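Q: Structure in structure tokens, see below.
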Amino acid sequence: MCGICGFYDSIDDGDSLLSSMLDLLAHRGPDEARRFRHGNFYLGHRRLSIIDLNTGSQPIFNETRSIAVIFNGEIYNFADLRKELIRKNHVFYTKTDTEILVHLYEDEGISFLSRLNGIFAFALLDLKENKLILARDHFGVKPLHYYFDGKRFIFASEQKAILLHPAVPRKINFCALHQQINLRYHQSNETLFEGIYRLPPAHYLVFNGSDIELKKYWCLSPHINIHLLEEEAVDGIHFYIRQAVSRQLISDVPLGVYLSGGMDSSTIVQKMYELGVSDIHTFTLGFNEPTDEFTDAEIVARHFQTQHHTLTLELEPLTKFPAVIWHAEEPKINLLQGYHLSEFVRQYITVALGGLGGDELFGGYDIHRYIYPLRKLHKTIPKWMQRLGRWKSDFLFKLQQYPGWIKLDEYRRGIQMLLATGQIERTYLILRNAWDYDEAYFDTIYHPSVSFRLKSEIKRIREEFAPLFNLAENFDPLDQVFFVEFHSKMVNDYLLTEDRMSMAHGVEERVPFLDIDLVNFAFSIPVHLKMKGNQTKYLFRKAMEGHLPEPILRKKKWGFTVNPYLQFQKDLKNVAEKILTPSFVDQQGIFNYAFIQKILHARPSPRLRWHYNFLWILVGIAIWQEMFIRTDRFKEKEFNLETYFHL
């Protein structure tokens, strides 16, 4: 993988600015930095060498040097496309997958995007037409951001590079912030920085020197095969996963697997073993917690004879929180594990395969178990019962909220979820802990000076998700959830985390379960095959019988994740008390300190998981705001946690 950046501007010190942007992206491509200028267009590239180590420097040009491209990612079907282009008399001067892009563009224009199978974000400059094209892969595995103020256009793999331009303001986007508090990620294409946007997955953007045009080049359109037999589905799972893993083994450097001990990552190891890959390296992370998966991962490693490596995190992992926020550019609770794991992995390999996507494709999350039993009722509950359920839900919130019994919060949410039966969108968002259906919660969460303004001005969570549910409105409700998860949390939470934390240490992470052919097949499998008897991943478990050790087929899902209750008892409470002081929270003017204080002073309980996650996000927002908005600490890479105490 790599880092790309650039801009269109008549700025006097453009070369110096481009060099500074590249310096800030050095972690994404530690092997090489290259610059290119054409008029007011500036392109920069940081390289992490994976394929064609000797001649793959970028930008890459066509034969006449009228087209230039800088690229981040991998094209898995590039060998077949290259052969096709050679038959058409195109001349290649490298062996890299990147070079096919300029030749495909010569022949087909931007329509070639739909032919690519890979993970990518790139900027292609047409020197004759004086236009710049940005594109992002089908599922949003690789990131790309941009800023346009009507005059200047700036883009980069990471937002911090865009912030270096003196014309870019550094202001909080409260709409994105509200989503972050609700979902622990934000669903819109906006970012936490006002004016900086994410290029959506499966989209391209054309900048012609004066204006931008954003277009979608592909969309996932599931065709569910209701006649598919279980044995046919099992055969298809093996065929498409094997094909995906085979495609993603292309590399001129060592590779391995992030092995959690769960079914998804274990299946990747199994397929690599089946394909005859020798000397497979596997890596497992633990947190000094009861849910550590060292034993399960060791079972898989021994079974497939891998070179297995383990890492146990320190007792106070929040010491690295400023560093991970700098890389992620937003506060998240699931960053630390990936950051430490990629740092550990980089000692041995450069490319790692991960199991992300398997739960979205085959029904592996606990929330699917809550939706599955009631899914038929979501289509049959009459409107008057839905309205009655909403009234009861509102009353229940008031009953629990006003006395301040926060330990009953988890039970109240569970009952609200049941009362939302018949409204799959509301049910799903309650399960995902979104709380702005309960409008009074704004006054609990936010500072009085901003609560009213946010209630009246921001876009609600349900408004972001409604279009996705509408696209899948004819599906089974659980299929709707699979579709929505795939286009929301997976992209804007999990994939963002995977990219930033792996690239923090120059590790390329690949995701075989997001191979386009595998995704299309998985979405053709009907719900009644994917889950049975309310068992998550029923079909996937059936498929892997005899291929994975029996304990792995039976184990409960956990993965590389922290337990917020245990984390609160480690260092979260201590750090929160030092950063979220009454004076700081009042000066910040965003959040309600009384609610923060109530969480800090409550007796620790596993029932307060949501509240501990909320504290984690607030601590992260305070560090993020100080690092990126109030000061230039993001330029200085100030990662000492104590620097952010008593802000």
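The values are calculated or read from the model by the stated rules, or taken from the named source; none is laboratory data. Here the structure is a predicted model, which is why all the values come from computation and not from measurement. Please note: Cβ atoms are built from the backbone with ideal geometry, for glycine as well, and neighbour counts cover all protein chains shown. The accessibility values were calculated without ligands, DNA or RNA, using every heavy atom of the protein model including side chains. Shrake-Rupley method; radii C 1.70, N 1.55, O 1.52, S 1.80 Å.
Q: Please work out if LEU22 is closer than 16 Å to LYS635 by Cβ, touching a Pro at 6+ places or on another chain (Cβ under 9 Å), at pLDDT 95 or above and not small (Gly, Ala, Ser).
A: no
Q: Here is a further query. Sort out for me the helices (runs of 4 or more DSSP H) sitting completely within the range 518-573 that have 3 or more residues that are buried (at least 18 other Cβ atoms within 10 Å of the Cβ) and not hydroxyl-bearing (Ser, Thr, Tyr).
A: In the range 518-573, 527-530, 538-544 are the helices (runs of 4 or more DSSP H) which contain 3 or more residues that are buried (at least 18 other Cβ atoms within 10 Å of the Cβ) and not hydroxyl-bearing (Ser, Thr, Tyr).
Q: Just one of (1) farther than 16 Å from PHE122 by Cβ; (2) in contact (Cβ under 8 Å) with a residue 60 or more places away in the chain; (3) in contact with a Lys or Arg (Cβ under 9 Å, 6 or more places away or on another chain) trips up GLY3, so point out which.
A: (1)
Q: Do we find a residue being open to solvent by less than 10 Å² (accessible area, probe 1.4 Å), modelled with pLDDT of 90 or more and more than 21 Å from the chain's Cα centre (by Cα) anywhere in the range 357-380?
A: Checked against the condition, which is being open to solvent by less than 10 Å² (accessible area, probe 1.4 Å), modelled with pLDDT of 90 or more and more than 21 Å from the chain's Cα centre (by Cα), the range 357-380 yields at least one hit.
Q: Taking the conditions exactly as written (of a type outside the set (S, T, N, Q) and surrounded by 14 or more Cβ atoms within 10 Å (Cβ to Cβ)), does ARG426 satisfy them or not?
A: For ARG426, the condition - of a type outside the set (S, T, N, Q) and surrounded by 14 or more Cβ atoms within 10 Å (Cβ to Cβ) - is met.
Q: Return the pairs, sorted by first residue and then second, in which the second residue is among the acidic types (Asp, Glu), the first residue lies in the range 363-374 and is under 13 Å from TYR428 (Cβ atoms), the beta carbons are less than 8 Å apart, and the residues are 6+ apart or on different chains.
A: Going by the 8 Å Cβ cut-off, the qualifying pairs are TYR365/ASP359; TYR365/GLU485.
Q: Which condition does PHE112 not pass, out of (1) open to solvent by less than 20 Å² (accessible area, probe 1.4 Å); (2) assigned to a loop (DSSP other than H, G, I, E, B), if it passes all the others?
A: (2)
Q: In addition: Could you please give the count of residues in the range 592-643 that are assigned to a helix (DSSP H, G or I), farther than 20 Å from GLU316 by Cβ and of a type in the set (Ser, Thr, Tyr)?
A: Of the residues in the range 592-643, 1 are assigned to a helix (DSSP H, G or I), farther than 20 Å from GLU316 by Cβ and of a type in the set (Ser, Thr, Tyr).
Q: Would you confirm, using the coordinates I've provided, whether TYR197 is over 26 Å from LYS635 (Cβ atoms), open to solvent by 20 Å² or more (accessible area, probe 1.4 Å) and assigned to a strand (DSSP E or B)?
A: Spelling it out, it is not the case that TYR197 is over 26 Å from LYS635 (Cβ atoms), open to solvent by 20 Å² or more (accessible area, probe 1.4 Å) and assigned to a strand (DSSP E or B).
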